[in-house]
Amino acid sequence: MADKVIPLADHRYAAAVPVIPTAPIVPAGLLSDRLGRPLRDLRISVTDRCNFRCSYCMPREVFDKDYQFLPHSSLLSFEEITRVARLFVAHGVHKIRLTGGEPLLRKNLERLVEMLSGLRTVDGTPPDLTLTTNGSVLARKAQALKDAGLQRVTVSLDSLDDTIFRRMNDADFPVDEVLRGIEAAERVGLGPIKVNMVVKRGTNDDQILPMARRFRDSPIVLRFIEYMDVGATNGWRMDEVMPSAEVVRRIGEVFALEPIEAHCAGETAERWRYRDGGGEIGVISSVTQAFCRDCNRARLSTEGKLFLCLFATHGHDLRALLRGGCSDEQIASAVGHIWNERDDRYSELRGALPADAGSGERRVEMHYIGG
């Protein structure tokens, strides 16, 4: 199959139909890229829609009432998602994360969770099946998700102050509803729960300590994320980035911290624990302390494009193979070839890149591949 660029139509980013290698690449759980990084983590966006308009992800001035989201016919079906996920698991994926947009806006998502929970890794164990959500409908969905086989959730929460939170989500959504969702997830056993806070200097950095106090002495792990230059619509500026080192310093001045080892290779968060036994926090520092060298994540967009980096400009159109009559063996070989050729490391190279390379290409938006 020749490598070609397909017309954009409903496609938001350039994508080539993947090459199917002449010599099959048989899944054996040992796939690695050009930098020796294994394939272990698959992030699947199930919708490009969200009911929030956070400025760092889906600013309202871009994603307004006239914005054209993908039609339902463009989205991968649950059966197509499960088929692709099965092939990735055969190649070595141990963790599957469902994302969006806001994934809980996808109708009957529990059915997809149930389908994915039946997969088995090369070790014969179920994959770590998790979901990232803004928490807006989590209180209503938590039990059904748990019953379907979801193991845990990560909830985005950028402030405990209701005024700041409503301003940041730009949907006038109250913080108490998200907290209710977190409590519901904890009650039904969707844990350990992680809470992610994107920190923007001058916007919500005064919420670092209140957030730390709220989740101390609980099993919930609070993680602080540096405001990232993802996509082209969030108006990113370096002076709005709060370095993780400063976040750790601020908390450490009040509660003594000490570093602890990562759970596993490729983990994005640097872990710290309270010396008095009050739990732990994490910091994700993709701007100031790139972790590309251990990145083992692939991202599948809502309509079936495979992206190899959060900051990518091009995807690989797996939907064309799924709907073009290709066999599992052919698609698995194509995925293997794509990963074998991967050399992405944008964050490590960021400092050496020109502000505008002049290519006319734009990086994929975070809401489109789920962060």
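The values are calculated or read from the model by the stated rules, or taken from the named source; none is laboratory data. Owing to the predicted nature of the structure, the values given are computational and were not obtained by experimental measurement. Cβ coordinates were reconstructed from backbone atoms using ideal geometry, including for glycine residues, and neighbour counts include every protein chain displayed. Areas reflect the complete protein model, heavy atoms only, side chains present, ligands, DNA and RNA absent. Shrake-Rupley method; radii C 1.70, N 1.55, O 1.52, S 1.80 Å.
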Handout entry: Failed item, numbered, when L222 is tested on (1) open to solvent by 20 Å² or more (accessible area, probe 1.4 Å); (2) assigned to a strand (DSSP E or B)
Key = (1)
Problem - Residue, nearest to the chain's Cα centre (by Cα), within the range 177-197, restricted to residues that are β-branched (V, I, T) and open to solvent by less than 20 Å² (accessible area, probe 1.4 Å) - result: V195
Problem - Members of the range 202-217 that are crowded, with 16+ Cβ neighbours inside 10 Å and not in a helix (DSSP H, G or I) - result: T203, N204, R216
Handout entry: Members of the range 99-130 that are touching a Lys or Arg at 6+ places or on another chain (Cβ under 7 Å) and either open to solvent by 10 Å² or more (accessible area, probe 1.4 Å) or hydrophobic (A, V, I, L, M, F, W, C) (or both)
Key = G101, L104, L105, L119, P126, D128
Exercise for the section: Kindly check whether there is at least one residue in the range 225-246 that is modelled with pLDDT of 95 or more, open to solvent by 20 Å² or more (accessible area, probe 1.4 Å), touching a Pro at 6+ places or on another chain (Cβ under 9 Å) and not small (G, A, S). Expected result: no
Practice task
Being buried (at least 20 other Cβ atoms within 10 Å of the Cβ), within 12 Å of I20 (Cβ to Cβ) and among the hydrophobic types (A, V, I, L, M, F, W, C) narrows it down to one of L321, L310, L300, L306, so name that one.
Solution key: L321
Practice task
Provide a single number: the residues in the range 20-54 that are part of a strand (DSSP E or B) and open to solvent by 30 Å² or more (accessible area, probe 1.4 Å).
Solution key: 3
Completion exercise
Filtering the range 152-176 for residues that are open to solvent by 40 Å² or more (accessible area, probe 1.4 Å), part of a helix (DSSP H, G or I) and not acidic (D, E) leaves a count of 3
Fill in the blank from the handout: The one condition I284 fails out of (1) without any contact (Cβ under 8 Å) to a residue 24 or more places away in the chain; (2) touching an Asp or Glu at 6+ places or on another chain (Cβ under 8 Å); (3) hydrophobic (A, V, I, L, M, F, W, C) is (1)
Exercise for the section: May I ask you to verify whether S77 is at pLDDT 95 or above, open to solvent by 10 Å² or more (accessible area, probe 1.4 Å) and not acidic (D, E)? Expected result: yes
